[in-house]
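In what follows, a structure is listed as structure tokens, so that the remarks can point back to it.
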Amino acid sequence: MNSRILVWDLPTRIFHWCLVVSFAVAFLTAESERWRGIHVLSGYAVLYLMAFRLLWGFAGSRYARFAEFVRGPQTILRYLNGMVGGRPEHYVGHNPLGAVAILALIVLGIGSSLTGWLVYDELGGEWMEELHESISNGMLVAVVVHVLGVMASSKLHHQNLVLAMVTGKKPGEAKDAIPRPRALVAIFLVAGLVALCAWTLGRQEAINQPVGISDHESEQTNAWKWDDD
């Protein structure tokens, strides 16, 4: 009987769940003027996370690398036929359909974030807003398909793939395990995300603050206006 082995390193897991939260917040606040700052912040977070995932796809541990899980059309079709027949091939890391979902999410996530950035800086006009909305909706569709695929794979393989992305462990042979969780990289990933949030909030505060007027002067101006009324 196979034991549980470490498959997903810590940076990959942190990336995954931070992306879930960031995209959910960005999507839910998209139509709210009141929460526009949070929407922008979460959009920057998505872009940062996608940039990290691209780098980690080349420099990460075994199962995080693109070379390990990106496969050709024949392999994808064969796996899909296996799923339809109820007996898909087993993969220690991402299966071929999961790989397609990951690549789609990376492309759509970058596209959504960059177009959102341009909209925030008032570049591109109305067509850019429409493009941003279309790409974001496309990403939502990709997320839903990915979730359904995870549920189907979990049932067919008799594995809890969601739990595996929390613990990093899946059933397998010891020889297939990655050697370490790469905790130091995970620390840098989180530190970069925190720094990005601080920079974004500071930028928004600077934009909202009238040029040449301090907070104290602004309060006095409002008080004078109140007295005049």
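The values are calculated or read from the model by the stated rules, or taken from the named source; none is laboratory data. Note that the coordinates shown come from a computational prediction; the quantities given were computed from them, not determined experimentally. Note: ideal-geometry Cβ built from the backbone for every residue, glycine included; neighbour counts use all protein chains shown.
Which of the following residues is modelled with pLDDT of 95 or more, within 18 Å of V166 (Cβ to Cβ) and in contact with a strand residue (DSSP E or B) (Cβ under 6 Å, 6 or more places away or on another chain): V21, V7? Going through V21, V7 in turn, the sole match is V7. Could you please find all residues in region 116-151 being touching a residue at least 24 places away in the same chain (Cβ under 8 Å) and either β-branched (V, I, T) or touching a Pro at 6+ places or on another chain (Cβ under 9 Å) (or both)? Correct list: I135, V143, V145, V150.
Of the residues screened, R62 is one that is modelled with pLDDT of 95 or more, surrounded by fewer than 21 Cβ atoms within 10 Å (Cβ to Cβ) and of a type in the set (K, R). For region 2-49, filtered to residues that are of a type in the set (D, E, K, R), in contact (Cβ under 8 Å) with a residue 12 or more places away in the chain and not in a helix (DSSP H, G or I), the residue that is nearest to D176 (Cα to Cα) is R4.
Do you know which of the residues in region 51-90 that are more than 19 Å from I106 (Cβ to Cβ) and assigned to a loop (DSSP other than H, G, I, E, B) is nearest to the chain's Cα centre (by Cα)? Per the criteria, the residue is H90. Do the conditions hold for G149, that is, is it part of a helix (DSSP H, G or I), surrounded by 11 or more Cβ atoms within 10 Å (Cβ to Cβ) and modelled with pLDDT of 95 or more? Answer is no for this residue.
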